[in-house]
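First up is the structure itself, then whatever we jot down about it.
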Amino acid sequence: MVAIEPMEARPSLSTQLRQGDVLASACPSRGVLRHITGQWAVLILIVLQDGTLRFSELRRRIDGVSERMLAQTLKHLEQDGIITRTVHAVVPPHVEYALTPLGQEAAAHVGRLADWVEVNLPQLGTAPAN
């Protein structure tokens with residue numbers, strides 16, 4: 001026998017659509033979540049909390065990131081509305097990256113997660129960083 005929830009206990013369809021369902025394979029939030037929580041994205045968000053930076057400054061601040069991975073991650077974050085990319089018409093081209101208001105909020109969240117990892121690192125094991 002299948003138990004049926006009373007209508008009052010279930011969220012409305014409009015509420016479900018607004019919230020999404022990250023556990024469903026077709027949920028569009030998965031792509032954004034993947035972009036924001038990637039290794040390089042987390043570090044980019046943390047660094048950009050300090051303010052607007054050029055590509056080369058980001059690369060210097062984030063040890064170990066390749067030019068290709070940095071460019072790809074920045075592109076995804078820009079497409080998701082997390083960062084802005086400003087091109088200044090000078091020679092050589094001058095491109096700056098900054099957090100949007102959504103990006104500032106995301107950076108605060110991933111920053112807290114990174115802080116938690118740092119504080120609890122001794123208890124989390126000794127897996128080598130990649």
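So the values come out like this:
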quantity	calculated
Top-ranked residue in the range 76-86 [being open to solvent by 50 Å² or more (accessible area, probe 1.4 Å) and closer than 15 Å to A98 by Cβ; ranked as nearest to the chain's Cα centre (by Cα)]	E78
Single residue of A107, A98, A71 found to be within 29 Å of V22 (Cα to Cα) and touching a Leu at 6+ places or on another chain (Cβ under 6 Å)	A107
Exclusive hit being touching a residue at least 24 places away in the same chain (Cβ under 8 Å), assigned to a helix (DSSP H, G or I) and open to solvent by 60 Å² or more (accessible area, probe 1.4 Å), set Q123, Q104, Q72	Q104
Within the range 17-67, helices (runs of 4 or more DSSP H) holding 2 or more residues that are over 17 Å from the mean Cα position of the chain (by Cα)	55-61
Count of the range 16-55 residues which are at negative phi, small (G, A, S) and modelled with pLDDT of 95 or more	1
Residue tally, condition touching a residue at least 12 places away in the same chain (Cβ under 8 Å) and either in a helix (DSSP H, G or I) or not β-branched (V, I, T) (or both), over the range 80-101	8
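The values are calculated or read from the model by the stated rules, or taken from the named source; none is laboratory data. These figures come from a predicted structure and were not determined experimentally. Positions of Cβ are backbone-derived with ideal geometry, glycine not excepted, and every protein chain shown enters the neighbour counts. Areas reflect the complete protein model, heavy atoms only, side chains present, ligands, DNA and RNA absent. Shrake-Rupley method; radii C 1.70, N 1.55, O 1.52, S 1.80 Å.
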